[in-house]
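Structure first, commentary second.
The values are calculated or read from the model by the stated rules, or taken from the named source; none is laboratory data. Just so it is clear, the structure is predicted and the values come from calculations on it, not from any experiment. Cβ placement follows ideal geometry from the backbone for every residue including glycine, while neighbour counts extend to all protein chains displayed. Keep in mind that these areas ignore ligands, DNA and RNA; they rest on the heavy atoms of the full protein, side chains included. Shrake-Rupley method; radii C 1.70, N 1.55, O 1.52, S 1.80 Å.
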Amino acid sequence: MNILAVDTAGKTAGVALLQDDRLLYEVYLDAGMTHSETLMPMIDTCLKMCGMTCADIDLYGVNAGPGSFTGLRIGLAAVKGLAFPRETLCAPVSTLEALAAAHTGEGTVLCALDARRAQVYSAAFDLATHSRLLEDDARAVADLADFVENCKSPVFVGDGASLCYNKYGSVPGVLQAPAALRGGRAAAVALVAKQMAEAGKAVLPEALLPDYHRLSQAERERAERLAAEAAANAAQNKEQA
């Protein structure tokens, strides 16, 4: 099985090609350029270097969320465009699960992505078995206190790792991965995609959807504005009554 995977959920971009259990190609880019500039040339180079075309791809893997709304949309749109002509199956991979899949050892890997407003998109997995210990969600950094203080040897990864480590670094046993190893890996996206396909969780490209885990800033601001307007109207009606 040839699996082409892309990672565009954060500031970095990555592309990998996994053939069964063999990693044929992987590239990781953190050069400050936008994913809309870099992703398609990276995919094109990957296929050429491996002597393949889209016709040779059996499965696409892509981060479905959480993460940067724009980054997720770019990755999902690219994969849909590549998969549609042949109705190639796609695996909508949890960004946090893919982060965990790139790490092994003993203890707990706590994956955290900066979600702004003192929040992180977070999840946790057992490092040895990769079984899930905490579901994907947007949480205040402070809300992780009970879990961090009671889990086994937590290691923070992801671009929100430093936010969490600054809060919990004094807790015994807490570590954060080296900066160069905290980011997403397209190879890990491919690995999780393979597992999803084997479990029957791959979907057709038209069913490939983002999983943002919270409203966008525009949606939040609209909800706040509507709530304020409703409160003002209620107050005005009360005065008139």
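Points worth noting:
- Value of D in µm² per second that Stokes-Einstein yields for the range 120-169, Kirkwood Rh from Cα pairs, at 4 °C (1.567 mPa s): 116 µm²/s
- Nearest-ten-degree value, helix 217-240 long axis tilted from longest Cα axis of the chain: 20 degrees
- Longest segment of the chain lacking GluC sites (Glu not before Pro) that sit in a DSSP loop with at most 10 other Cβ atoms within 10 Å: 107-241
- The long axis of helix 35-49 is offset from the longest Cα principal axis of the chain by roughly 20 degrees.
- Space enclosed by the convex hull of the alpha-carbon atoms of the range 147-187, per residue, Å³: 78 Å³
- Accessible surface ranking for Ile57, Ile74, 1.4 angstrom probe, highest first: Ile74, Ile57.
- Using a probe of 1.4 Å on the protein chains alone, the accessible area found for Cys50 is around 30 Å².
- Counting DSSP beta bridges with both ends in the chain, the antiparallel % (nearest 5): 65 percent
- The chain - mean residue ellipticity at 222 nm from DSSP helices (-39,500 (n - 2.57) per run, n ≥ 4, rounded to 500): -11500 deg cm²/dmol
- Annotation: Cα Rg of the chain relative to the compact-globule expectation 2.2 N^0.38 Å equals 1.13.
- Taking Cα atoms only, the orientation of helix 186-198 departs from the longest principal axis of the chain by about 90 degrees.
- The residue among Ala123, Cys151, Ala190 whose Cα reaches farthest toward the positive pole of the charge dipole of the range 105-212, with charges on the beta-carbon of Lys, Arg, Asp and Glu, is Ala190.
- Neighbour net charge for Met42 - beta-carbon separation under 12 angstrom, K R +1, D E -1: -3
- Amide hydrogen neighbours beyond the local backbone of Asp211, cut-off 5 Å, H modeled: Gly65
- Gyration tensor analysis over the Cα atoms of the range 71-190 returns equivalent ellipsoid semi-axes of 28, 15, 12 Å (largest first, whole Å).
- The spacing between the range 10-51 and the range 77-118, judged by their C-alpha centroids, is 14 Å.
- Within the range 5-99, percent of DSSP bridges classed antiparallel, to nearest 5: 55 percent
- Counting only heavy atoms of the protein chains and using a 1.4 Å probe, Asp146 has close to 110 Å² of accessible surface.
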